[in-house]
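Have a look at the structure below, then the notes.
The values are calculated or read from the model by the stated rules, or taken from the named source; none is laboratory data. These numbers were taken from a predicted model, which means no experiment stands behind them. Note that each Cβ is placed from the backbone with ideal geometry, even for glycine, and that neighbours are counted across all protein chains shown.
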Amino acid sequence: MQFPTLPPMTRRELLRTSGLGVAGYWLTEAWRPYRVEAAARVNPRGTARFCIFLMLDGGISQLDSFDAKEGAWTPKEFDIRRFGDVHLPYGLFPRLSERLGDVAVVRSLNAWDSVHGRAQYYIQAAHPLNLALAKEIPPVGSVVSYELRGQRKPGDFLPPYVAMNAAGNQAGLLTQGFLPAEVAPFSLTVTGEGAPRLAPKPGEQERFRRRWGFLQELDGSLRGSASPRGKSFTDYHDFYRGAYAMLLDPRMGHVFHLSEEETKRYGGTPLGNALVVARNLVAADAGTRFVMVGHGGWDFHTNIYDSGRPGGATHQTLSRELDNALCALLDDLKTTPSAGGRSLLEETLVVVISEFGRTPGPIHETRKGREHYQ
């Protein structure tokens, strides 16, 4: 019987080959936790038809809010309590603490950047900032609006993407980029006094229509897809046409109306009033799919807990503003039926996010604040 002739192998080659085999086996076992597969096919609910995206500009301190860590630095008024596997400062979020069954606290995210402008750009665009392409990349709100444009009904009069108090951060409010102007953000400023009055006063509609007609005659040759001025003029025309239809719709007054009771229940703050409008936009189901709301002031490098700091804004005051407004929104969405027979909360993805967190642990520095932390 003749055995095959094996190629000769030196001791060095034997050790190298054996080592590779051992390493390969170890890597196979080490990779096993990352090869987890579901036992059965999962069908996601996919019930969301709207998104309310609440951006906490400035970087909220995660260890003083949604991932609370108690230490000698923690003010007693925080009253940190445990709710299942969630630690929350009950003293700052008493209402949210009672609604955690409707909330998912995601603690596995890391920020991609620790500089405000770049991180705020990433939150909106889902892309790292590249100055060469910055004006071409559309924000997530415009992408969602573009993807759902086929669901727009003939009677829809609201813009698909509405942004409120979202233009004051360091990145600014991103425009539609390379997408058409019809999915550009419709930007509004909502104050503690209420929402802007967008609809013409009673009796002014006819004059408004007449002026619009004169404008069409004056520069009609510059409008539409055949405009000699190119895409920018076409985009302006599409945007103005949408705004014109919105302003003359009789339902506009209800969408941007804030009752005294609602203003009080949502906190009477710019954030609270903006979330009342966000709820109305979703409840109207008249074309708006994505609503972005900004809540600034979370950049506490100094005196984060000091109620005597200039302006009076502290982590505590902003947290209580957020607690009142967010929980009033969740309650209203949960108790308002949708056209599909569900509650509006079942059809609305509410996202609360900040561009990054703050440094963990004790406050050692003399400024008594927290720095940026990814």
Query raised in the report: ALA166 is checked against (1) in a loop (DSSP other than H, G, I, E, B); (2) more than 14 Å from VAL291 (Cα to Cα) and fails just one. What number does that condition carry?
Result: (2)
Requested in this report: Kindly provide the set of residues from segment 319-358 that are of a type in the set (S, T, N, Q) and free of Cβ contacts under 8 Å to residues at least 12 places away in the same chain, ordered by number.
Outcome: THR335, SER343
Query raised in the report: Which number in (1) in contact (Cβ under 8 Å) with a residue 24 or more places away in the chain; (2) loosely packed, with under 15 Cβ neighbours inside 10 Å; (3) among the basic types (Lys, Arg) marks the one condition that LYS76 misses?
Result: (1)
Query raised in the report: Just a yes or no: is a residue in segment 257-268 in a loop (DSSP other than H, G, I, E, B), under 30 Å from THR317 (Cα atoms), assigned by TED's automatic domain parsing to the domain that holds ARG152 and among the hydrophobic types (A, V, I, L, M, F, W, C)?
Result: yes
Report summary line: The correct count of residues that are closer than 18 Å to GLY168 by Cα and surrounded by 15 or more Cβ atoms within 10 Å (Cβ to Cβ) in segment 116-128 is 9
**Report entry** Tally, over segment 120-146, of residues that are among the polar types (S, T, N, Q) and assigned to a loop (DSSP other than H, G, I, E, B)
**Finding:** 1
Query raised in the report: Exactly one of (1) surrounded by 23 or more Cβ atoms within 10 Å (Cβ to Cβ); (2) outside any loop (DSSP other than H, G, I, E, B); (3) hydrophobic (A, V, I, L, M, F, W, C) is unmet by LEU174. Its number?
Result: (2)
Query raised in the report: How about segment 57-73: which of its residues are among the small types (Gly, Ala, Ser) and surrounded by fewer than 18 Cβ atoms within 10 Å (Cβ to Cβ)?
Result: GLY71, ALA72
Query - Test result for ASP306, over 21 Å from ASP156 (Cα atoms), at pLDDT 95 or above and not hydroxyl-bearing (Ser, Thr, Tyr) - result: no
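So that you can scan it fast, the table gives a plain yes or no per residue for (1) in a helix (DSSP H, G or I); (2) assigned by TED's automatic domain parsing to the domain that holds ARG118; (3) surrounded by 16 or more Cβ atoms within 10 Å (Cβ to Cβ):
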| residue | (1), (2), (3) |
| --- | --- |
| TRP298 | no, yes, yes |
| ILE304 | no, yes, yes |
| LEU318 | yes, yes, yes |
| GLU321 | yes, yes, yes |
| LEU326 | yes, yes, yes |
| VAL351 | no, yes, no |
| LYS368 | no, yes, yes |
Query raised in the report: In segment 258-282, what residues are of a type in the set (A, V, I, L, M) and either touching an Asp or Glu at 6+ places or on another chain (Cβ under 9 Å) or within 13 Å of ASN324 (Cα to Cα) (or both)?
Result: LEU271, ALA274, LEU275, VAL276, VAL282
**Report entry** Number of the condition not met by LEU109 [criteria: (1) surrounded by fewer than 20 Cβ atoms within 10 Å (Cβ to Cβ); (2) within 17 Å of ARG358 (Cα to Cα); (3) in contact with a Pro (Cβ under 8 Å, 6 or more places away or on another chain)]
**Finding:** (3)
Query raised in the report: Counting only residues that are touching a residue at least 24 places away in the same chain (Cβ under 8 Å) and polar (S, T, N, Q), which one in segment 189-218 is nearest to ALA245 (Cα to Cα)?
Result: GLN205
Query raised in the report: In segment 328-349, which residues are farther than 21 Å from VAL106 by Cα and not in a helix (DSSP H, G or I)?
Result: THR336, PRO337, SER338, ALA339, GLY340, GLY341, ARG342, SER343
Query raised in the report: When the residues of segment 147-163 are filtered to those that are of a type in the set (A, V, I, L, M, F, W, C) and assigned to a loop (DSSP other than H, G, I, E, B), which remaining residue is surrounded by the most Cβ atoms within 10 Å (Cβ to Cβ)?
Result: LEU158
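This table checks each residue for (1) among the basic types (Lys, Arg); (2) within 17 Å of GLY192 (Cβ to Cβ); (3) buried (at least 23 other Cβ atoms within 10 Å of the Cβ); (4) touching a helix residue (DSSP H, G or I) at 6+ places or on another chain (Cβ under 8 Å).
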position: ALA283; (1), (2), (3), (4): no, no, no, yes
position: GLY341; (1), (2), (3), (4): no, no, no, no
position: THR348; (1), (2), (3), (4): no, no, yes, yes
position: GLU371; (1), (2), (3), (4): no, no, no, no
Query raised in the report: Given the structure, is LEU275 crowded, with 23+ Cβ neighbours inside 10 Å, closer than 22 Å to SER97 by Cβ and of a type outside the set (Phe, Trp, Tyr)?
Result: yes
